[in-house]
Amino acid sequence: MFNTLLIANRGEIACRVAATARRLGLRTVAVYSDADANARHVAACDTAVHIGGAEPRESYLRAQVILEAARKTGAQAVHPGYGFLSENEAFSQACADAGIIFVGPPNSAIAAMGSKSAAKTLMEKAGVPLVPGYHGDNQDPQFLQSQADAIGYPVLIKASAGGGGKGMRIVENTAAFAEALASCKREAASSFGDDKVLIERYLQKPRHIEIQVFADTQGNCVYLFERDCSVQRRHQKVIEEAPAPGMTDERRKAMGEAAVAAARAVNYVGAGTVEFIAEPDGRFYFMEMNTRLQVEHPVTEMITGHDLVEWQLRIAAGEPLPVTQEELGITGHAIEARIYAENPDKGFLPSIGTLSTLDFPAHVAFCNGDVRIDGGVQAGDTITPFYDPMIAKLIVRGDDREQARARMVQALGEIRSVGLQTNIAFLRRLMLDDAFAQADLDTGLIERRHDSLFPPVQAASDSTLALGIVAILAHRGLLHSVRRQNKAPVDPWARVDGWRIGGHYTQAFELLDQDELRQISIQRRHEQWLFQHQGDPVSLEWDAQLLSPGQYRLRLRLDGADSFATVAVRGEQLHVFRDGAVHLLQLHDAVEHAQDDGDAMGGGLTAPMPGKIISIAVKAGDTVKSGDALLVMEAMKMEHTILAPADGTVQEVFFQVGDQVTDGAELIAIGE
Ligand code: MV4
């Protein structure tokens with residue numbers, strides 16, 4: 001085995017590879033761009049080399065710079081991870097030329113699988129089943145039309161150089177064929193510089209089932225069973241699981257052997273994935289082969305008990321496969337969910353910014369366990385527009401699918417993230433969806449179940465509002481006097497403004513819930529607390545525990561009914577995590593907003609929108625008067641001045657000039 005490995009990637013997969021390499025005693029070398037100087041993958045390695053700018057083509061795609069880093073650090077092997085250079089023939093060749101081991105297949109295998117139509121011709125010869133269709137060289141429109149008529153409609157026209165769903169046209173009948181062909185060819189020519197197409201029978205309700213294969217340099221090749229990746233949106237996998245629900249032993253063996261035949265046909269070495277689409281009756285057809293480790297490889301590790309990165313490294317070093325086909329088996333069921341910084345309610349638009357809080361339930365990382373989280377970012381990290389906005393992969397295992405699904409629901413409900421939009425609540429709804437629960441899977445599931453997967457947002461219940469208010473009370477108690485005692489801080493008596501022991505006192509709050517302003521009052525009457533919102537006052541009792549700065553675990557009894565939540569207070573924003581969902585509330589303080597006017601965003605010491613800090617007028621220790629300008633932000637090409645909401649002393653300024661801040665980020669702390 002070589003002793004030093006360079007990992008030519010970033011994020012979770014770089015951390016994943018580093019974990020196994022270190023366990024095997026290898027020295028690890030990270031490479032990083034300007035945007036990743038403080039990234040987790042850099043800290044995960046023994047040494048790191050800066051390779052350029054934030055844009056991938058200025059860093060992670062620079063083959064020569066990466067090879068130079070390998071030479072300089074004495075790395076004898078390079079692991080490309082997935083994406084970037086992982087399926088780049090020229091890079092695999094450049095490694096070979098430089099005498100450095102590329103942890104992946106020979107470049108001839110990458111090349112053979114690169115063209116969809118050429119790969120299909122090869123597979124046909126190897127006896128791998130294909131969708132009935134035409135994938136030859138004759139591109140005459142009349143000829144292609146006659147092929148389509150012979151196949152029977154609907155047919156699918158696919159760009160030969162395409163992939164990931166780009167350059168495909170469904171054609172319903174013979175009359176529509178000519179125009180669809182012309183349009184598909186135009187798109188293929190402009191997107192891929194190659195207008196060659198193939199024609200296939202169109203499967204209406206396909207499942208995506210892929211087989212993990214491994215081959216060594218001694219001519220051994222095995223399959224590590226299947227993954228079902230049918231739950232996708234716009235050709236992006238959302239959920240992956242293994243084994244595939246409903247798979248029979250017979251079909252598994254047939255698919256596994258077809259995948260091994262595919263790999264053997266291109267003299268494959270290392271980890272590969274053979275992708276099939278399957279009909280509802282189980283018939284399956286070769287689609288393409290991915291010549292790298294896949295994002296979803298952990299579900300295979302969970303059910304087989306093997307570390308696939310270890311296998312990759314051993315095979316790259318020339319060792320034989322560690323087991324035979326007969327020694328491989330499946331135990332239990334595993335499900336992976338991809339957690340993304342994106343907004344499901346806005347067409348899954350990526351959400352850019354800083355994760356101020358990222359708390360996961362108890363888990364292991366990069367190795368097998370009941371709850372596994374493979375992540376590449378941590379609290380404080382920024383999701384930038386330069387790279388894939390994946391935050392982490394949550395992988396769970398169970399004795400069976402139901403147990404795995406239940407664990408997934410539970411684990412998703414226990415994640416607390418603040419600072420960015422995420423798909424966590426969407427994933428949890430997906431896990432609870434009837435069609436998913438019954439394993440009625442196909443590539444159209446998310447669209448088909450759209451209405452139940454995207455329910456209208458519910459107004460916050462009274463107990464949620466009360467949890468928010470109690471968190472504010474706790475937080476204010478902490479800020480004013482309880483901090484020094486370092487204990488659970490619900491002590492409104494410590495406040496000097498508005499709360500007094502004895503007598504009848506009332507404090508009014510306004511909480512913004514979606515676009516609705518909720519008027520709430522809290523009263524103290526004869527040793528009893530009362531909560532009032534749109535009705536008669538009801539009794540309120542609570543218990544609070546400080547988890548971390550600004551985060552409280554609350555137990556509440558409102559009108560006799562108990563509820564539990566964790567609430568994160570970030571400036572005026574309250575994130576109420578309860579029952580597996582998060583409710584966002586915003587404290588709207590009449591006094592603090594008195595300063596509002598046209599061009600100045602008065603009041604909040606939180607960023608009113610994502611933007612850049614362009615000047616800061618104060619520093620820690622300064623005394624400020626209500627209405628003083630504290631800092632100026634630029635957002636959407638306009639300047640916004642942040643004003644002091646009250647008299648006080650600046651305790652901390654959390655950002656510097658030039659910093660990019662997210663919506664709701666706390667900018668400055670002011671105390672008395
Ligand atoms: C198909 C198909 C139906 N019939 N081919 C989409 C991306 C590319 N890898 C292959 N794709 C498809 N090919 C025939 N003959 C449906 C799809 C397809 C799909 C396949 C796998 C996973 C998700 C998908 C989503 C939409 C369409």
Just give me the residues in the stretch 342-364 being touching an Asp or Glu at 6+ places or on another chain (Cβ under 6 Å) and closer than 27 Å to residue 398 by Cβ, in sequence order.
361
What do you reckon, is residue 419 under 19 Å from the mean Cα position of the chain (by Cα), among the small types (Gly, Ala, Ser), away from the ligand (no atom under 16 Å from the Cβ) and closer than 22 Å to residue 665 by Cβ?
yes
Filter result for the condition that a residue is part of a strand (DSSP E or B) and at pLDDT below 95, over 288, 275, 336
288
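If a residue must be at pLDDT below 90 and outside any loop (DSSP other than H, G, I, E, B), how many such residues does the stretch 571-614 contain?
Final tally of qualifying residues: 8.
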Would you pick out the residues in the stretch 143-156 that are closer than 29 Å to residue 255 by Cα, more than 10 Å from the ligand (Cβ to nearest atom) and either surrounded by 15 or more Cβ atoms within 10 Å (Cβ to Cβ) or aromatic (Phe, Trp, Tyr) (or both)?
147, 148, 153
Candidate set from the stretch 17-55 (those that are assigned to a strand (DSSP E or B) and small (Gly, Ala, Ser)); member that is nearest to residue 271 (Cα to Cα)
30
Among the numbered criteria (1) within 20 Å of residue 5 (Cα to Cα); (2) within 16 Å of the ligand (Cβ to nearest atom), which single criterion is violated by residue 278?
(1)
Evaluate the stretch 250-257: report whether one residue or more is out of contact with any Phe, Trp or Tyr (no Cβ under 7 Å at 6 or more places or on another chain) and in contact (Cβ under 8 Å) with a residue 40 or more places away in the chain.
no
I'm checking my understanding of the structure. Among residues of the stretch 127-142 that are assigned to a loop (DSSP other than H, G, I, E, B) and under 18 Å from residue 283 (Cα atoms), which one is nearest to the ligand (Cβ to nearest atom)?
131
Does the stretch 66-96 hold any residues that are more than 19 Å from residue 268 (Cα to Cα) and without any contact (Cβ under 8 Å) to a residue 24 or more places away in the chain, and which are they?
68, 72
Give the stretch 28-42 a look and list any residue that's free of Cβ contacts under 8 Å to residues at least 40 places away in the same chain and touching a helix residue (DSSP H, G or I) at 6+ places or on another chain (Cβ under 9 Å), or say none.
28, 30, 31, 32, 34, 36, 42
For residue 331, the lone unmet condition from (1) touching a Ser or Thr at 6+ places or on another chain (Cβ under 9 Å); (2) within 16 Å of the ligand (Cβ to nearest atom) is (2)
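The values are calculated or read from the model by the stated rules, or taken from the named source; none is laboratory data. Owing to the predicted nature of the structure, the values given are computational and were not obtained by experimental measurement. All Cβ positions, glycine included, derive from the backbone under ideal geometry; neighbour counts span all protein chains shown.
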